[in-house]
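What follows is one structure encoded as structure tokens, with my remarks underneath.
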Amino acid sequence: MSLRIVVTVKYVPDATGDRHFADDLTVDRDDVDGLLSELDEYAVEQALQIADDADDAEVTVLTVGPDDAKDALRKALSMGADKAIHVEDEDLHGTDAIGTSLVLAKAIEKAGYDLVISGMASTDGTMGVVPALLAERLGVPQVTLLSEVSVEDGTVKGRRDGDAASEQLEASLPAVVSVTDQSGEARYPSFKGIMAAKKKPVESWDLSDLDIDADEVGLENAYTAVESATERPARTAGTIVKDEGEGGKQLAEFLAGQKFI
Amino acid sequence: MAEVLVYVDHVDGAVRKPTLELLTLARRVGEPVAVALGNGAGDTAAALAEHGAVKVLTHEAAEYADYLVVPKVDALQAAVEAVSPAAVLVPSSAEGKEIAARLALRLGSGVITDAVDLEAGDEGPVATQSVFAASFTTKSRVSKGTPVITVKPNSAAVEAAPAAGAVEALSVSFSAQATGTKITGRTPRESTGRPELTEAAIVVSGGRGVNGAENFAIIEALADSLGAAVGASRAAVDAGWYPHTNQVGQTGKSVSPQLYVANGISGAIQHRAGMQTSKTIVAVNKDPEAPIFDLVDYGVVGDLFEVVPQLTEEIKTRKG
Ligand SMILES: Cc1cc2nc3c(=O)[nH]c(=O)nc-3n(C[C@H](O)[C@H](O)[C@H](O)COP(=O)(O)OP(=O)(O)OC[C@H]3O[C@@H](n4cnc5c(N)ncnc54)[C@H](O)[C@@H]3O)c2cc1C
Ligand SMILES: Nc1ncnc2c1ncn2[C@@H]1O[C@H](COP(=O)(O)O)[C@@H](O)[C@H]1O
């Protein structure tokens, strides 16, 4: 029987660009170039490796996002995923993590799955909560923040490196996994992969396809409200000295002046 | 006055500092009621009472150590049902955020993660967050349900505020999901004897410029002269020179110490994301164009192999 893997990938504003907020205090996704969140490349990579090791497997990449989010799906398809699902709806603008997890969970159920693989966090929101929310909504085990993962005989195993200890985890499928950037370098799409991706199917679903009402998602119905966003004042220029043999002593003098010594 | 639940992060009864900071913030919003789970839960009471907990709800069960996240969500949900708090505060660790999110979903509430400050507001607690690699500061609140908020370490001072801290047993029945993910093995981190990275007042970090695992001894010597924690850039970690637990940045720890010392680190946006809110920043880098110099209060353009040992010696001399 085929192992059905769904990878959740997010389209995010480029971190090296000038990220900012729109007038309604949502993340401005128009003015800054977007891309497949780098941390989700690790999820795609692990999905492809798990699929390679299985007798028969299918990797579907799933995103919830604006029209441009198709670029993120294309990138994942060119890495080697088999097909893609794009959930797009005007009413989704401003949806928060709780709402996004609802949409993703409904789409994952509709697609059919044995294993969901997510990134450790999105590079824009950096919450790192969507995988746990998906497990809660789907009612399946969460096996998250893995730096090592394997799937065998309907069981997922992995290593989670926490603050206090490194833990070995184990759960039966179906399950939700998230992987960290320690899980192994993500592959670059090959030329052949990029050409093949153009022919791979991308399905488009909207809220009605998922039986979700408009009043369950979107900015107006979010569970959290941003009241203000202010740009942090640039740090005032400090003193910079060139080491002419006394640089260490000069730095010590500064630290002593600041009462650190 | 309304009660505020505070989730206690502890190791066998020893309360970790971020939880004591949470008690300071909780007192701005209501009366802190602490929830301590697992082995040694009862031993946390004295420290929690000392810092303002009016009550300490405890529950010990093997499930907390044997299964991932969900047993703790079940217990916190039971505590919310018992207390009907005005808010739930959880330390912002990776696990803390997962617990908070699942709890919020069950309560029909919103969740805010990684707050760096918290104040009382007319419509509930207002959380300050630092976003887009700390280039923006936002103020947000939870607009539905009981606010669930995770707070980063070093966001408030630890303050003594003696309170009753009466211990009460919490009654918890575990959900069907509680035993879904088994923890089959655990290797505790070895203690280095240095302060915890996220809790330290001073952090001394090394990057690619340190050029080798053995050279990290220079960084450690400087750290030890200042009583500091040691951090590393991802480049240094990926090269295998220093453990991943010490990585500072977007996919490592986020630190906000009084003093951050960056050595041989260029200052890429993902590194800045984890240290930009430090009070004072100094750097040693041989490239005058390195972006880290845009952040510093004091910078030395020079070879770290010359500057850092001289700095360490000078500190030792001055400290006598
Ligand atoms: C999704 C994602 C997440 C990431 N997360 C993180 C993260 O959490 N933390 C992180 O740090 N990075 C992270 N990165 C990587 C980040 O983009 C940079 O690649 C990394 O921070 C660079 O580390 P570095 O400054 O040590 O190395 P480099 O950028 O190579 O800089 C080394 C510096 O050392 C200086 N130098 C060299 N020799 C000497 C000498 N002898 N004396 C003095 N100076 C010297 C050089 O002038 C240079 O400025 C992430 C990247 C991505 C895409
Ligand atoms: N809009 C989205 N579409 C698809 N996947 C998402 C979306 N938002 C979050 N995710 C997934 O959830 C992970 C954690 O995101 P977050 O909790 O937002 O930091 C990401 O790495 C993605 O795998």
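Tabulated results
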item: The range A:154-172 - residue that is more than 7 Å from every other protein chain (Cβ to nearest Cβ) and crowded, with 17+ Cβ neighbours inside 10 Å and, of those, farthest from B:Asp66 (Cα to Cα); result: A:Val156
item: Per-region count, the range B:219-245, residues under 17 Å from A:Ser183 (Cβ atoms) and not aliphatic (A, V, I, L, M); result: 6
item: Residues being outside any helix (DSSP H, G or I) and either of a type in the set (D, E, K, R) or more than 10 Å from ligand 2 (Cβ to nearest atom) (or both) - total across the range A:92-132; result: 8
item: Selected residue [in contact with a helix residue (DSSP H, G or I) (Cβ under 6 Å, 6 or more places away or on another chain) and among the β-branched types (Val, Ile, Thr)] from B:Val308, B:Val301; result: B:Val308
item: Given (1) in a loop (DSSP other than H, G, I, E, B); (2) within 14 Å of another protein chain (Cβ to nearest Cβ), number of the condition B:Ala156 does not satisfy; result: (2)
item: Criterion: at pLDDT below 95, in contact with a helix residue (DSSP H, G or I) (Cβ under 8 Å, 6 or more places away or on another chain) and of a type in the set (Lys, Arg) - qualifying residue of B:Arg208, B:Arg189; result: B:Arg189
item: Test result for A:Ala121, within 12 Å of chain B (Cβ to nearest Cβ), crowded, with 24+ Cβ neighbours inside 10 Å and within 16 Å of ligand 1 (Cβ to nearest atom); result: yes
item: Candidate set: the range A:32-83, residues that are within 14 Å of chain B (Cβ to nearest Cβ) and in a helix (DSSP H, G or I); chosen: the one farthest from ligand 1 (Cβ to nearest atom); result: A:Ala43
item: Top-ranked residue of the range A:133-153 - restricted to ones that are touching a residue at least 40 places away in the same chain (Cβ under 8 Å) and not in a strand (DSSP E or B), ranked as nearest to the other protein chains (Cβ to nearest Cβ); result: A:Ala135
item: Leading residue by the ranking (nearest to the other protein chains (Cβ to nearest Cβ)) among those in the range A:108-118 that are touching a helix residue (DSSP H, G or I) at 6+ places or on another chain (Cβ under 8 Å) and in contact (Cβ under 8 Å) with a residue 60 or more places away in the chain; result: A:Ser118
item: Candidate set: the range B:94-126, residues that are under 30 Å from A:Ala234 (Cα atoms) and facing chain A (nearest Cβ under 9 Å); chosen: the one surrounded by the fewest Cβ atoms within 10 Å (Cβ to Cβ); result: B:Gly121
item: Any pair with Cβ under 9 angstrom, 6 or more apart, that starts in the range B:247-272 at a residue that is within 11 Å of chain A (Cβ to nearest Cβ) and ends at one that is basic (Lys, Arg) and within 16 Å of ligand 2 (Cβ to nearest atom); result: B:Ser254/B:Lys152
item: Residue in the range B:75-83 that is within 14 Å of chain A (Cβ to nearest Cβ), touching an Asp or Glu at 6+ places or on another chain (Cβ under 6 Å) and within 28 Å of A:Arg160 (Cα to Cα) present; result: no
item: Of all residues in the range A:169-218 being more than 30 Å from B:Lys144 (Cα to Cα), assigned to a loop (DSSP other than H, G, I, E, B) and acidic (Asp, Glu), the one that is nearest to ligand 1 (Cβ to nearest atom); result: A:Asp181
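The values are calculated or read from the model by the stated rules, or taken from the named source; none is laboratory data. Being a predicted model, the structure only gives us computed values, none of them experimental. When we count neighbours, we look across all protein chains shown, and the Cβ atoms used for this are built from the backbone with ideal geometry, even at glycine.
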